[in-house]
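> There's a structure below that I have some questions on.
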Amino acid sequence: MKKIKNKLIKIKNDIKNFNYKEYISTNRQFIAFVISNVVNACLLRFFTVHNYFAIKPFLADLAIVLILGSFVYLFKAKKQFTYLMIVSIIFNIICIVNSLYYTYYMSFASFSLIAVSLTVVDVGDAVVKNVLQIKDFIFLWQLFFMVIYHYHLKRKKYIEFAGPKENRKKRFTGTLICGVIIYALFFMTVTSVEFSRLSKQWNREFLVTKFGIYTYQFNDLFKSLDAKFNTLFGYDNAAKDFRDYYNENTIQINENEYTNIFEGKNILVIHAESIQNAAIYQKFNGEDVTPNLNRIKDEGIYFSNFYSQASSGTSSDSEFTFASSLLPVTNGSVAVSYWNREYETLQKMLKEKGYNTLSFHANNGDFWNRNNLHKSLGYNTFYSKSSYSVTEENSIGLGLSDKEFFKQTVPILKKEYEDNGKFMATLIMLSNHTPFDDLDKYGEFDTDIKEEVEENGEKKIVSYPYMEGTKLGNYFKSAHYADSAIGELFDELDEAGLLDNTVVVIYGDHDAKLPKGDYTRLYNYDKETDGILDKEDENYVLVDYYQYELNRSVPLIIWTKDKTFNKTVTTAMGMVDVMPTLSNMFGLTPKYALGNDIMDLDNNVVSFPNGNWLTNDIYYNSQKDEYKVINMNAIIDSDTITKNNEITSKKLQISNDIILYDLIKNEKNKLERAEGDQ
Ligand code: GP9
Ligand code: MN
C-alpha cells in the first residue's frame, strides 16, 4: 500500500515538474509521427463516413497511435526513425486499403473478406477507372512528410542533441500510460449498443464512425484470427463426434400425409421482422393488431408454439437457421465470421430440383454481410438496396418501407418467373424494426381503450390511455403497419398471377426485445389509476422470466391459395425444424439437419443457443438450472431434464463444430463411405 502511495506521489511530482518545452524540443520526430497519423485517420473519415470532427473516434485513433508509437523508446535514438516508419507504413496501408474498399463497396475492409474482395474486384482497366482515385492515395503525404522531416532534423543534428537527453524507459512507460488513459477515457463514453456492435464486428461503417479506423481494423484482425485459431485446434475430435452423431442420428424424414404435397410448387418466404405471436393475439377496441396475418394463419397451417433460435446475429441467424437447420454460433455470427463454410440448405436442395433461388431485401447488401451470406446459402441472386428506388418519403425506420418494398419487388419477381421458371424467393421485411418510433408513418392504429361494456351489457364511450406512449404500444402500431403491408403484398402477388401454384411461408425472425414492464401493463392495466393492478389482485398476471421467454414466440405460417388447411400445430418447435418440415412437403431429403419434421412429432425439444430448452411441458433455464412446468398434466422426472439437457448440449456442440471446422465440406465423403460399408 505504502509502495503504491509513494509511486503515485512520484508520478504526481513528475507531472508537476514536467518540462514541456524540453519534451517538445527533444521529441519532435515522435510528435510529428503522432499528429500526422491521427490526421490521416481523420482524413479517412472525411472521405468516407464524414464525421471528421467527432471527438470519440479522434480519441480512439490518438490512443492507438500513442500506444503503438510508445514502443519506439525501446530502440536507440538512431533506430527510432525506422520503427516509426514501419508503423506509419502499416497505418498508411490501413487508410489506403479502406479508402479504396469504401470507394468500391461503400464499406470497410475486413481480413475475413480478403479472399472474396480479391475475386470480386476484376483486375485491369475497370479497376483503374472505377476504383483507383487520387484521394485514396492522399494518405501517402504522411510518409513523405516523415522522411523529409527526418532529414531536416538530421541536418540540424537533432539526434545528437535529443538522444542523450532521453530517458528511454521513462518515456516508454509515460507514453504508453498516456495512450492507455486516453483509451480508457474513450471507452468510458462507449454505450452498450456500441460495445455489442464492436463484438459482432459486422456493422463496419458504424464501427469506424464510433471507434475510428485503427480500432476498427485491429478489432477486425483479432476477430478474424480468433476464427482461424479456433479451426486449427481440436479438428479431429470434432470430426469424430460429427461422424458418430450422424451415424446414430440419421435424420428421419418419414412418409406422412404431408409428404410431397407441395412438390414442384413455387415457394415464397416472408421474413417478418420482429413479428411476435403477442401481436397476433392482441386486439385494441375490437380490432386485431394483425388482421391479415390472422386471416392467413386461419386458412393455412399455423404453428402456434414456434420459437426463433437466433443469437447475437439476430436477423441473419434466423436466415441461416431457416436455411440450414443448424443453430447459430454463440460467439459473433455465422453471417460475418463463418459465411464461407459449406452448408446444406433448403435453397441449394431446391436449386438441384431446378428452382431459381432469389432473395430480396431493401437494405444495404453489406448489412449482416448478406452479399456473401446469401451466396453461401444458395441464392442465385440477391436484390438489395441498389435494386430499389429509396427516398426519404418512401422510407420508414431503417430504410425503404415494407409497402414500397413489396410494390417494387413484385414486378422483379414476376420477370424472374417468366424468364427462369419456378422459384424459391425470400422477402426480408424491414419496417417493423426497433425502436418503433416512426409513429407518423405507421398509419392510424390506437392502443388506448375507447369503449367499455357496463354491467347491464350496454356499451359506453370511455377514454383510457392504456398502451399509448409505451414502447409495446408503439410496437403494436408498427406491427399493424407491417401486417397491412403483408395484406397488400398478397393482393399484388395475386394480381400478378404469382399466388397460383405458390406456397407462402411466413416466419417472425425473432422477438422485438420489448420491456417486461410494458407486458405487465398490458396484462394488468388498472383503468381507475391508469397504473397496474395490485400484485395481490386475483386478476394479476405475473410476467416473470419464464412468462417473458414464452412470450418471445413468433408466428410460423404455411399457406397456399390452392388449399385451405384450417390447421394449428401446437407442438413446440424452433427455427431448426422448419427446413426438415418443408423438405418433406417439397420432396427433399436433407442429411445434416439438426431439427425434425414437426408434422411427425407430438413432442419436441427446442434448444436455444444459450442452453435453455423448451418442450410442450417445460421451459428450462440453463443459467439457473431451474425450470417451469407449462403443462400441468405432465409428469416430469429428473431423467427427462437430464436427457433434454444432453440433447441440447449435443446439438449445440455438433452445430458449432460443423460451422467452425467446415465439417460438411471436410467430412461428408468419409461419412458417405462409412454408410456404404455398413
Ligand atoms: C437489417 C435487418 C434488421 O437489414 O434485417 O436486422 P436485425 O437488427 O433484426 O438483425
Ligand atoms: Mn431481425
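> What is the residue count in the stretch 169-212 for residues that are under 27 Å from residue 364 (Cβ atoms), among the charged types (D, E, K, R) and at pLDDT below 90?
5
> Just give me the residues in the stretch 273-306 being within 16 Å of ligand 1 (Cβ to nearest atom), at negative phi and not hydrophobic (A, V, I, L, M, F, W, C), in sequence order.
Hits for the stretch 273-306 are 273, 276.
> Scan the stretch 503-521 and report the pairs whose first residue is farther than 18 Å from residue 478 by Cβ and whose second residue is within 16 Å of ligand 2 (Cβ to nearest atom), with Cβ atoms within less than 6 Å and a gap of 6+ or a chain change.
Listed by first residue and then by second, the contacts come to 505/269.
> Kindly indicate the residue of the stretch 310-358 that is out of contact with any Leu (no Cβ under 6 Å at 6 or more places or on another chain) and among the β-branched types (Val, Ile, Thr) and also farthest from residue 220 (Cα to Cα) among those meeting that condition.
357
> Kindly provide the set of residues from the stretch 289-326 that are hydrophobic (A, V, I, L, M, F, W, C) and either farther than 22 Å from residue 560 by Cα or not assigned by TED's automatic domain parsing to the domain that holds residue 591 (or both), ordered by number.
Once the filter is applied, which keeps residues that are hydrophobic (A, V, I, L, M, F, W, C) and either farther than 22 Å from residue 560 by Cα or not assigned by TED's automatic domain parsing to the domain that holds residue 591 (or both), the stretch 289-326 yields 289, 310, 320, 326.
> A further question follows. Determine if the stretch 114-127 includes at least one residue that is modelled with pLDDT of 75 or more, assigned to a helix (DSSP H, G or I) and in the same structural domain as residue 23 (by TED's automatic domain parsing).
no
For (1) surrounded by fewer than 23 Cβ atoms within 10 Å (Cβ to Cβ); (2) assigned to a helix (DSSP H, G or I), each residue gets a yes or a no:
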site: 23; (1), (2): yes, yes
site: 34; (1), (2): yes, yes
site: 39; (1), (2): yes, yes
site: 50; (1), (2): yes, no
site: 53; (1), (2): yes, no
site: 63; (1), (2): no, yes
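> Related question: Give the residue, chosen from 337, 359, that is of a type in the set (Ser, Thr, Tyr) and within 20 Å of residue 665 (Cβ to Cβ).
337
> Evaluate the stretch 343-363: report whether one residue or more is at pLDDT below 95, within 16 Å of ligand 1 (Cβ to nearest atom) and crowded, with 24+ Cβ neighbours inside 10 Å.
no
> Which members of the stretch 291-322 meet the condition of being among the aliphatic types (A, V, I, L, M), more than 14 Å from ligand 2 (Cβ to nearest atom) and closer than 20 Å to residue 278 by Cβ?
Passing the criteria: 293, 296.
> Now for a different question. Which of the residues that make up the stretch 538-595 are surrounded by 18 or more Cβ atoms within 10 Å (Cβ to Cβ) and of a type in the set (Ser, Thr, Tyr)?
Within the stretch 538-595, 546, 553, 560, 571, 581, 583, 592 meet the criteria.
> Out of all the residues in the stretch 439-466, which are assigned to a loop (DSSP other than H, G, I, E, B) and at pLDDT 95 or above?
Passing the criteria: 442, 443, 444, 445, 446, 447, 448, 465, 466.
> Go through the stretch 172-278 and tell me which helices (runs of 4 or more DSSP H), entirely inside it, have 2 or more residues that are among the β-branched types (Val, Ile, Thr) and over 24 Å from residue 334 (Cβ atoms).
Hits in the stretch 172-278: 204-232.
> Same structure, new question: Against the conditions (1) away from ligand 2 (no atom under 16 Å from the Cβ); (2) in a strand (DSSP E or B); (3) aliphatic (A, V, I, L, M), where does residue 543 fall short? Just the number, please.
(2)
> Next question. Could you pull out the residue among 475, 464 that is under 16 Å from residue 274 (Cα atoms) and either hydroxyl-bearing (Ser, Thr, Tyr) or surrounded by fewer than 18 Cβ atoms within 10 Å (Cβ to Cβ) (or both)?
475
The values are calculated or read from the model by the stated rules, or taken from the named source; none is laboratory data. Please read all numbers here as calculations on a predicted model, not as lab measurements. Virtual Cβ from ideal backbone geometry, glycine too; neighbours counted across all protein chains shown.
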